[in-house]
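Here is the structure we will look at, set down as structure tokens.
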């Protein structure tokens, strides 16, 4: 029942927001706060046994309404609930036309994300995968920037093609296992492992393309910077903090257990593409003057590092990836929250038009520096924990190229420090870009950033609860 509640809360709140538009923000905040409490409860009791529910849904097609929560699912469900709550807390109704519809679509997206991280039936997983994407399409195309139609169409084409490939792969696997639970996790693992190497190698391509587009991994990343730049910042937070995790989660949850031989065959190719993405995105980030595109390329580099670590097929690296997925979600959301405040005050995304925030908005400047340091994994911040374990896993893996991969990925970390410090120098320090009085943090903004900063410092100093949770 607790898993059904996690899905029902944002879904019911989304419907009520349309019926009672004046209460949309309150409904969104209350439902997300309750989701945070429920996922915290699940996380604290996961050691007692996984939360599971399975009911017949379309038995003639072998599809069940099956949900399952283990440590990884709990951590990402908690991240989804927490980031959603912060987004709703940060939103200002006056700045969003048709605010009730905006809240409702974000809540529908939250429902889809929860479903993706909890589904243990492959077709149910696919259903929620699409449910999470559809509201984002409308949010970006209606409330986006000047080029929103062109950019959103590109985003739609990328994701639609990827989804069709995944659906084709799922149908093929399901046809190999007739029965009322043909698409269940355990059934697909059994049938996937029974396939020949050639079949697994071919099916891997279908699934991985869908997941690579979502992460996104080089060269399937080209939709992302444009989408992040044109989408409203609240939508971009959903995309970068939560939705990119869908692809990596799918790799860990479905691809690796179902097609192990395909993973082994393609692992070096994926690692090479991931490392190219790390270095390419880092070099592009160094040249950026648009702060939104800067954060977008930074995110590509971070996701490339996590993907590379996942495919070295080392247990320690996989644990680091699970931790870093949560940590990166907090940090990248923090970066976007800071950017939304800067845009509201200065009405520009151009780094060259900014500067001197430390003197005009000192509280925001302190928060920005701490979040940026967490984003480059400075010790005693949350970003360091997962990245250290992740690198230790790459170094100790049995992959014959593990040292080379670690050196190249490490170069990406060095470049990350360089482009982040360059950005801070341009935006936070230097001569103030305006002499007019600029209001520092409002109460809502202060609360949002206080929560983010508390998580950064607390999990950087004491990450044991998350380490334990992600080990289940």
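Bear in mind these aren't lab numbers, they're just calculated from the coordinates by the rules spelled out. Quick caveat: nothing in here was measured; it's all calculated off a predicted structure. We place every Cβ from the backbone using ideal geometry, glycine too, and count neighbours over all the protein chains shown.
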Next item on the list: Going by C-beta contacts inside 10 Å, put 307, 447 in order with the fewest on the left.
Entry: 447, 307
Check: How high is the relative contact order of the range 266-472, in percent, counting Cα pairs under 8 Å that sit 6 or more residues apart?
Finding: 30
Notebook entry, point to check: So what is the 222 nm mean residue ellipticity for the chain from helices alone, if each DSSP H run of at least 4 adds -39500 (n - 2.57) and you divide by all residues, rounding to the nearest 500 deg cm²/dmol?
Noted result: -24000 deg cm²/dmol
Next item on the list: Return the label of the correct value of Cα extents along the principal axes in Å, as calculated from the structure shown, out of (1) 70, 57, 45; (2) 97, 55, 37; (3) 67, 58, 41.
Entry: (1)
Next item on the list: May I ask for the angle, rounded to the nearest 10°, between helix 362-375 and the longest principal axis of the chain, with both axes built from Cα atoms and the value confined to 0 to 90°?
Entry: 30
Item checked: For peptides 276-282, 296-302, 365-371, sequence by mean Cβ density within 10 Å, most packed first -> 296-302, 276-282, 365-371
Next item on the list: Would you mind checking the tilt of helix 402-427 against the longest principal axis of the Cα atoms of the chain, expressed as 0 to 90 degrees and rounded to 10?
Entry: 30
Margin query: Largest first, please: the extent of the C-alpha atoms of the range 324-472 along each principal axis, to the nearest Å.
Written below: 59, 31, 20
Note to self: At a 10 Å Cβ-Cβ cut-off, how would you order 70, 350, 440, fewest neighbours first?
What the structure shows: 350, 440, 70
Item checked: Gain upon complete extension [residue 26, residue 418; 0.36 nm per residue less C-alpha separation] -> 137.0 nm
Margin query: Using a 7 Å offset from the Cα along the Cα-to-Cβ direction at both residue 272 and residue 56, what is the distance between the two label points in nm, to one decimal?
Written below: 5.0
Notebook entry, point to check: What order do you get for 380-387, 448-455 when each peptide is scored by the mean count of other beta carbon atoms within 10 Å, highest first?
Noted result: 380-387, 448-455
Checklist line | the range 34-164, relative contact order in percent, only Cα pairs under 8 angstrom and at least six apart counted | finding: 21
Notebook entry, point to check: Quick one: helix 382-395 against the long Cα principal axis of the chain, what's the angle to the nearest 10°, folded into 0 to 90?
Noted result: 40
Next item on the list: Using only the alpha carbon atoms of the range 150-219, find the Kirkwood hydrodynamic radius as the inverse mean reciprocal pair distance, in angstroms to one decimal.
Entry: 13.1
Margin query: Taking the number of other C-beta atoms within 10 Å as the exposure measure, put 423, 351 in order starting with the fewest.
Written below: 351, 423
Next item on the list: Would you work out the relative contact order for the range 137-263, in percent, from Cα pairs under 8 angstrom that are 6 or more residues apart?
Entry: 37
